[in-house]
1. Kindly establish whether residue 108 is exposed (fewer than 15 other Cβ atoms within 10 Å of the Cβ), of a type in the set (Ser, Thr, Tyr), within 18 Å of residue 152 (Cβ to Cβ) and without any contact (Cβ under 8 Å) to a residue 60 or more places away in the chain.
2. For the range 1-103, please list each of the helices (runs of 4 or more DSSP H) lying entirely inside it that holds at least 3 residues being hydroxyl-bearing (Ser, Thr, Tyr).
3. Only one residue in 109, 119, 123 is under 29 Å from residue 53 (Cα atoms) and either out of contact with any Pro (no Cβ under 8 Å at 6 or more places or on another chain) or aliphatic (A, V, I, L, M) (or both), so which one is that?
4. Go through the range 116-150 and report how many residues are over 26 Å from the mean Cα position of the chain (by Cα) and either assigned to a helix (DSSP H, G or I) or among the small types (Gly, Ala, Ser) (or both).
5. In this structure, does residue 63 turn out to be surrounded by fewer than 15 Cβ atoms within 10 Å (Cβ to Cβ) and β-branched (Val, Ile, Thr)?
6. Restricting attention to the range 27-34, does a residue exist that is farther than 30 Å from residue 168 by Cα, among the β-branched types (Val, Ile, Thr) and out of contact with any His (no Cβ under 8 Å at 6 or more places or on another chain)?
7. Considering only the range 151-159, I want to know if a residue exists there that is among the β-branched types (Val, Ile, Thr) and touching a residue at least 24 places away in the same chain (Cβ under 8 Å).
8. Residue check: is residue 100 at pLDDT below 90, in the same structural domain as residue 152 (by TED's automatic domain parsing), among the small types (Gly, Ala, Ser) and surrounded by 10 or more Cβ atoms within 10 Å (Cβ to Cβ)?
Amino acid sequence: MIAFARGWFRRSVFKTIRFLKHPRKLRQSPTRRWFARHFLDKRVWKPTQHTLSGGMAVGMFITLQLLPIQMPSAVILAAIFRVNIPIALAMCWLSNPVTGPFLAWLEYTIGKWVLALYTTVPTSPFPKHLPESMVEAWIVLKEHAPVMLVGGIILGAVASLVSYVATWSCWEIGSRMEVAKKLRGVKAVAV
């Protein structure tokens, strides 16, 4: 039963991709052309050194933005930059209810520090409880949201750069180790 379901799902996915990539269908709509060019490209689904590193960077940047639409944002940015979409999605799961408070505190601290260099920062402390009225919530949001936004962008940019370099380096080290292992095998056979 599971094999039947798996086969049916796979066939339906391939039929859908074939339907969407058909040249006649693509000429009909610029939206379909854009979708096919970005989402149906095989490079965004296969992990290569560039796409994996780029997917990690996009996912890390988006996960450090405390937005309610992290996953759609990661998919769209990964498709636009043509990097690995599944990795960008998986990186979005780093910010969850357990890590969220720490990330919020870190973003707020970095944002407050950076904004203090250029402009005034909020003097009221960050609220420890939820506001009781909509007016109070709007005042808190208006005062503290720019600090969180600046902190999130800075922290996201630094973390995405570090994750890109680290992933690229790990892939490079792994491929060199694999080549060395093959060479050792060839030398052992030759002896």
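The values are calculated or read from the model by the stated rules, or taken from the named source; none is laboratory data. Keep in mind it's a predicted model, so treat the numbers as computed, not measured. When we count neighbours, we look across all protein chains shown, and the Cβ atoms used for this are built from the backbone with ideal geometry, even at glycine.
1. On the way: exposed (fewer than 15 other Cβ atoms within 10 Å of the Cβ): no; of a type in the set (Ser, Thr, Tyr): yes; within 18 Å of residue 152 (Cβ to Cβ): yes; without any contact (Cβ under 8 Å) to a residue 60 or more places away in the chain: yes.
It is false that residue 108 is exposed (fewer than 15 other Cβ atoms within 10 Å of the Cβ), of a type in the set (Ser, Thr, Tyr), within 18 Å of residue 152 (Cβ to Cβ) and without any contact (Cβ under 8 Å) to a residue 60 or more places away in the chain.
2. Result: 49-63.
3. 109
4. Looking only at that region, the number is 14.
5. Details: surrounded by fewer than 15 Cβ atoms within 10 Å (Cβ to Cβ): no; β-branched (Val, Ile, Thr): yes.
No.
6. yes
7. Narrowing the range 151-159 to residues among the β-branched types (Val, Ile, Thr): 153-154, 158.
Pick out the ones that are also touching a residue at least 24 places away in the same chain (Cβ under 8 Å) and you get 153-154.
Yes, the range 151-159 contains a residue that is among the β-branched types (Val, Ile, Thr) and touching a residue at least 24 places away in the same chain (Cβ under 8 Å).
8. So residue 100 fits the description; yes.
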